[in-house]
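Down below is the structure, laid out as structure tokens.
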Amino acid sequence: MARTFIEKIAQKMRIIPDLDRAHSSGSTDELRKYPNPDDWHDHVELDAQEWPKMVERRFSLVPTTCFNCESACGMLAYVDKDTGEVAKFEGNPHHPGSRGRNCAKGPATINQINDTERILYPLKRVGKRGEGKWQRIYWDQALDEISTKIRASLKTGAKDKVVYHVGRPGNEGYVERVLKAWGVDGHNSHTNICSSGARTGYSLWHKHDRPSPDHSNAKVILLTSSHLETGHYFNPHAQRILEGMIDGAKLIVIDPRLSNTASMADHWLPTWPGSETALFLAWARMILERELYDRDFIENWVNWEDWLQADHPDEPKTFERFVELLLEEYAEYTPEFAASECRIPIEQVIEAGEVVANAGSRLSTHVWRSAAIGNLGGWQVARALHLLNVLTGSVGTEGGTSPNSWSKFSPELFDEPEAPDGWNELHFPPEYTLAHYEMSHILPHLIRDGRGEIDVYFTRVFNPVWTYPDGFSWMRMLEGEDSIGCHIALTPTWNETAFFADYVLPMGHASERHDINSYATSAGKWVAFRQPVLREFARREGRDVKFTSEVNPGEVWEEDEFWNELSWRIDDGTMGIREHFMSPYREGEKITIDEYYQYTFERVPGLTEAAAEEGLDALGYMRKHGAFLIEESTYSKHEEEGWPTPSGKQEFYSNTMVEFGYPEHSIPHYRVKSHVHPDNLQGEDEYCLLPNFRLPQHIHSRSANAKWLVEIGHRNPIWIHPKDADKLGVSEGDLLKIETEIGWFVDKVWVTEGIKPGVVGCSHHIGRWRRSQDQGNKFLSNEVQIEDIGGGKQKMRTVSGVSPWESEDPDTNRIWWRDGGVHQNITHAVQPDPISGAHCWLQKVRLSRPSKDEKYGDVEVDTEKSFEYYKRWNEMAKQRETHPRRERRPLWMKRPLSPKMEHWYIED
Ligand code: SF4
């Protein structure tokens, strides 16, 4: 290619690279394409740091997956062949979910693995729990001591006293298998502070408890909130929303806050929190009135006749009569009613409603966290949203919304132990009959209420002291050695919960562990391999590695090997545990990690054949490419599989709700007013605090040590509308005291029209802390002092903000920010929805100017009040506790780890 005169001069002066210079991959005058996987072990590129010198560096590119949010995007680790270290992470173009792209959190994995404060060795506490004194121990000691405690617990016959509590999951059944091998009903999750509201709503329709929107092919993209698209499935969904919009799709975002996604929308509807159901039912009525429904889909796949039979037995069982009766049933859901409940103009209700009503089979919808996890009755938001898909016939269609399980690969494991022979009532208390899933956020209160205790408690990449509401109750529970016999924190990095552990065991980050991933990020089905990249690099270099800890930094283990080793040691030869950890390939010998994955990948449909084309086996293929597309598209599976509900259809009418004591919820309705509905607030003096949104560059607990991410976002001010700011007499940067039901905190304000009047917002991903005796996360944590001020009251005060420090990373001494934000979750009372079990995150708050001695970052909480407040919410569930046929919960509903069937029944 001929160069212009200017280009030639610029090349000569080295202002731009030598465009004609042949580089090592052989390309001459074109921009180089992505390196071919066959060259991934021998990739050469120029060192950007050395510019303008032309210094070549040699890399081995090893695929793995990101561990920073659930969606497990593909990454390529650039392993420097000379130093043997990871130099950077970029996207893996062979990953069908992320297609070569990452959000900011993916490449920031390099910060996490190079964090100078990370935990490198097993630690055991010395002194009292929470005192901050630690002793380095060897893995052997940790494994021996912990396995002895577990063995002692199992030998009592208890099935509910060894518990694994997971924060960030992502290993597709590995630990569930381990718990089954131990025979315990010991799986706990974070689901009910996250997705259980929406899951309940979806589950009532079709058992599948999550949606998978096909944004790329949609005509209308309807998002209730932005959380998923800006924070969780950020990258895979964001790129597909953009694709859809480029092809002409309209984007509608419903959110009281102008999120990044809302700012890109064609229609932003800032509804009052909890009113979304009213809006969707008004739109449902518009669809019915205009006869824009998909008669064929409804007639064949929805149990509308069951509703007629139950509520209108004397009416003719015709489809026409069903529509007429439904219009009568929904007569109250007029656009005027929706506008009034949502506090938005009626024109907006009608205008956006017209767009939805005319979407036909290409309506992709989603609700994640946000309204569904914010409000009392939030589950009905998901149920009403899915009704729009049902009416438009956009369930399972191209451009529509499918059940997520259609796109999720479920691995076949080499050994399936029996289901546990017991039921853990600390996880599924009998009064929460429909909870999705474990009632984890009320665990400290259940224990305080004398409803059980735990012998051995694993927290795994899980930080409830900080991420959950009512953190002081968690501290109190964890400090009590009578209620929690032994607490083991499995974590790659320090967190507020690990401060209260007996053992802190260092686990690997994304590039230091094995996992199988598969998520419904699009309309296809894929499987991906999170692999420890230095182990794969060593293998490529011909070195034999037995355990991943041999190549990980310090003595960082990977969990899979930890569980295998621990399980082996628990069994004294009489317990039948070891038999579940035997090689499927070598008779009578312990399984290796490679064998585990080999077995699973050999059973992925089509993978062995694809591997053979490259002269590889299935494991070899996954090591090389990191991901495999199992199905291009997964539409319309109900035509072969039907729906796994009691009626075998989409359940417009739920007999389950009737049987379990909630007959008023037999069909989608707006029967529950949120606890933050204007009728439940005390006039204009009370506000709704919206805490459940994230800054897109942060995850809950593990981004505080990612310096690039922290530099972008490190504060969580109170979003307040100018009208409310005027009313309160505050302006930008002023302090505000926010009083919740159980305490208060002091934060600065950000005056913005990006939040609805009457609502204040505060992201709950900032405000990390450590006490003087604690370590870690100094990029983002304030040093605080915690004081027991009597009567159950606890006070937290910031001693100092963020400051630079000397370390082997020069960047730690270049920190320019001083503000680490404010911990607000700890002032929130638990508010368990009596139906879904979800924590209702939104808080009723009073706002005022703080007094002179109340400073920025101050927090105070009354733990006695929080216990009493919990009991009031708990009472709502108890009042409706109903067990038809003695069933603890509907037999058809999911549990992540299901015990034997006989335990699904309440004993007489
Ligand atoms: S969206 Fe971002 S954080 Fe989530 S897996 Fe992908 S790269 Fe990682």
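The values are calculated or read from the model by the stated rules, or taken from the named source; none is laboratory data. Keep in mind the model is a prediction, meaning the values are calculated, not measured. Cβ sites come from the backbone with ideal geometry, for glycine too, and all protein chains shown count toward neighbours.
Under the condition of being in contact with a helix residue (DSSP H, G or I) (Cβ under 8 Å, 6 or more places away or on another chain) and outside any helix (DSSP H, G or I), which residue from segment 868-887 is surrounded by the fewest Cβ atoms within 10 Å (Cβ to Cβ)? Checking each candidate, the answer is THR882. Residues in segment 499-546 that are charged (D, E, K, R) and closer than 19 Å to GLU565 by Cα: 5 in all.
If only residues of segment 92-110 that are over 18 Å from PRO532 (Cβ atoms) and more than 9 Å from the ligand (Cβ to nearest atom) are counted, the one that is surrounded by the fewest Cβ atoms within 10 Å (Cβ to Cβ) is GLY100. When segment 172-186 is filtered for residues that are of a type in the set (Gly, Ala, Ser), assigned to a loop (DSSP other than H, G, I, E, B) and within 30 Å of ASN68 (Cβ to Cβ), the ones remaining, listed by number, are GLY173, GLY186. If you go through segment 889-898 one residue at a time, do you hit one that is of a type outside the set (Gly, Ala, Ser), more than 21 Å from HIS190 (Cβ to Cβ) and over 29 Å from the mean Cα position of the chain (by Cα)? No: zero hits.
Residues in segment 373-413 that are under 30 Å from MET876 (Cβ atoms) and in a loop (DSSP other than H, G, I, E, B): ASN375, LEU376, GLY377, GLY378. Tell me yes or no: at least one residue of segment 73-91 is within 14 Å of the ligand (Cβ to nearest atom) and part of a loop (DSSP other than H, G, I, E, B). For segment 73-91, residues within 14 Å of the ligand (Cβ to nearest atom) and part of a loop (DSSP other than H, G, I, E, B): present.
Only one of the numbered conditions (1) farther than 24 Å from GLN773 by Cα; (2) surrounded by fewer than 22 Cβ atoms within 10 Å (Cβ to Cβ); (3) touching a Gly at 6+ places or on another chain (Cβ under 6 Å); (4) not polar (S, T, N, Q) is not met by LEU120, and that is (1).
Of the residues making up segment 116-136, none is in a helix (DSSP H, G or I) and either within 16 Å of the ligand (Cβ to nearest atom) or touching a residue at least 60 places away in the same chain (Cβ under 8 Å) (or both). SER654 meets each of the listed conditions (1) among the small types (Gly, Ala, Ser); (2) surrounded by fewer than 18 Cβ atoms within 10 Å (Cβ to Cβ); (3) in contact (Cβ under 8 Å) with a residue 24 or more places away in the chain apart from (2). The residue list LYS180, LYS219, LYS207 contains one member that is at pLDDT 95 or above, on the phi > 0 side of the Ramachandran plot and of a type outside the set (A, V, I, L, M), which is LYS207.
Checking each residue in segment 137-171 for being of a type in the set (A, V, I, L, M) and in a loop (DSSP other than H, G, I, E, B) picks out ILE137, ALA158.
For segment 826-850, the set of residues classified as among the aliphatic types (A, V, I, L, M) and in contact with a strand residue (DSSP E or B) (Cβ under 7 Å, 6 or more places away or on another chain) consists of ILE826, VAL830, LEU842, VAL845, LEU847, listed by residue number. Residues in segment 301-340 that are under 40 Å from the mean Cα position of the chain (by Cα), under 30 Å from LYS637 (Cβ atoms) and not in a helix (DSSP H, G or I): VAL302, ASN303, TYR330.
Conditions (1) under 30 Å from SER633 (Cβ atoms); (2) surrounded by fewer than 24 Cβ atoms within 10 Å (Cβ to Cβ); (3) under 26 Å from the mean Cα position of the chain (by Cα); (4) among the basic types (Lys, Arg), marked per residue:
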position	(1), (2), (3), (4)
PRO345	no, yes, no, no
GLN348	no, yes, no, no
ASN358	yes, yes, no, no
TRP368	yes, no, yes, no
ALA372	yes, no, yes, no
VAL395	yes, no, yes, no
SER405	yes, yes, yes, no
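Annotation for segment 663-673: at least one member residue is more than 16 Å from the ligand (Cβ to nearest atom) and without any contact (Cβ under 8 Å) to a residue 12 or more places away in the chain. Of all residues in segment 523-554, those that are of a type outside the set (A, V, I, L, M) and out of contact with any helix residue (DSSP H, G or I) (no Cβ under 6 Å at 6 or more places or on another chain) total 16. Considering only residues in segment 60-72 that are buried (at least 24 other Cβ atoms within 10 Å of the Cβ) and assigned to a strand (DSSP E or B), the one that is farthest from the ligand (Cβ to nearest atom) turns out to be VAL62.
Conditions tested, residue by residue: (1) of a type outside the set (Val, Ile, Thr); (2) out of contact with any Asp or Glu (no Cβ under 7 Å at 6 or more places or on another chain).
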residue	(1), (2)
ASP266	yes, yes
THR277	no, yes
GLU289	yes, yes
VAL302	no, yes
LEU308	yes, no
GLU315	yes, yes
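One residue alone among GLU684, GLU651, GLU613, GLU609 is among the acidic types (Asp, Glu) and farther than 28 Å from LYS408 by Cβ, and that residue is GLU684. Looking across segment 276-329 at every residue that is closer than 17 Å to SER654 by Cβ and touching a strand residue (DSSP E or B) at 6+ places or on another chain (Cβ under 8 Å), the one that is surrounded by the most Cβ atoms within 10 Å (Cβ to Cβ) is identified as VAL302.
Scan (1) surrounded by 23 or more Cβ atoms within 10 Å (Cβ to Cβ); (2) over 17 Å from GLN697 (Cβ atoms) for the single condition ASP38 breaks and write down its number. Here ASP38 clears every test but (1).
A residue that is out of contact with any strand residue (DSSP E or B) (no Cβ under 8 Å at 6 or more places or on another chain), at pLDDT 95 or above and basic (Lys, Arg) cannot be found anywhere in segment 755-765. Applying the criterion of being of a type in the set (D, E, K, R) and within 20 Å of LYS88 (Cα to Cα) to the residues of segment 21-37, the residue that is modelled with the highest pLDDT is LYS33. Given the criterion surrounded by 24 or more Cβ atoms within 10 Å (Cβ to Cβ) and at positive phi, identify the matching residue among GLY729, GLY758, GLY767. One residue alone meets the criteria, GLY767.
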